């Protein structure tokens, strides 16, 4: 697929996805959403890609939805009755994207180089690390636009930063800087703009150097999915299945390498899916 809204580069096993509409401050469109979904699918199929870094071209990360497009700027069909069965076709684009990010087998890192508001901020929530330039700004600006949270932010945001902080940002709709984002737990660190990508790549390599791709994929999913579990027994069931799989494949190599005082050579690919019993791609229906 040829991309018009994105620029894709590889730095070894790290794929860099640059939102590439700098003349529109990388504002989000239906086409950008489709291209991002394709990039995510392709990365999960490619075992040479171990991590993904997202950033923006120019002085912004993403200025939210492109409000200058024609029709319903959110990509929704206004002819659909919200109470009808046809509502299944009327899904918010950011929600579709973040659900796909949630299912990813590879670590996702945001290198936030500038302004990110609306979907520009909410698309970062299912990523595993958010690093901010000192110039970065964030905003859950929906209340100021007369609209509601999207991109599954009502699920992700309080789990990341706590309910009190989520309410403060979502109800005020105000834009805030990198220091407040760090204090509130939205980003993990702030760096100078000229080393932002260097730092993001370093964090990516922390996840992928000397690690098993399957272990990383499974651990990422265990942590994200168990946040919503009703009882630790759910984690016990799932971890028992995944540990059994690991002990038969990369776990054997990892133990042998440790005992022999050498680097492990892991070979269990993630492109074929997760261990048996892990409902990797199962998603509740949108009703």
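The values are calculated or read from the model by the stated rules, or taken from the named source; none is laboratory data. Everything quoted here is computed from the prediction, not taken from an experiment. All Cβ positions, glycine included, derive from the backbone under ideal geometry; neighbour counts span all protein chains shown.
Annotations
- Selection from segment 1-10 of residues that are in contact (Cβ under 8 Å) with a residue 24 or more places away in the chain and touching a strand residue (DSSP E or B) at 6+ places or on another chain (Cβ under 8 Å): 5, 6, 7, 8, 10
- Check on residue 190, closer than 17 Å to residue 61 by Cβ and either without any contact (Cβ under 8 Å) to a residue 40 or more places away in the chain or not assigned by TED's automatic domain parsing to the domain that holds residue 61 (or both): no
- Verdict on residue 197 being assigned by TED's automatic domain parsing to the domain that holds residue 117 and in contact (Cβ under 8 Å) with a residue 60 or more places away in the chain: yes
- Test for residue 151: is it free of Cβ contacts under 8 Å to residues at least 60 places away in the same chain, assigned by TED's automatic domain parsing to the domain that holds residue 47 and crowded, with 21+ Cβ neighbours inside 10 Å: yes
- Highlighted here are the helices (runs of 4 or more DSSP H) found entirely within segment 181-264 that include at least 1 residues which are at pLDDT 95 or above and touching a strand residue (DSSP E or B) at 6+ places or on another chain (Cβ under 7 Å): 196-208.
- Qualifying residue in segment 9-16 (condition: within 22 Å of the chain's Cα centre (by Cα), under 17 Å from residue 120 (Cβ atoms) and either in the same structural domain as residue 173 (by TED's automatic domain parsing) or modelled with pLDDT of 95 or more (or both)): no
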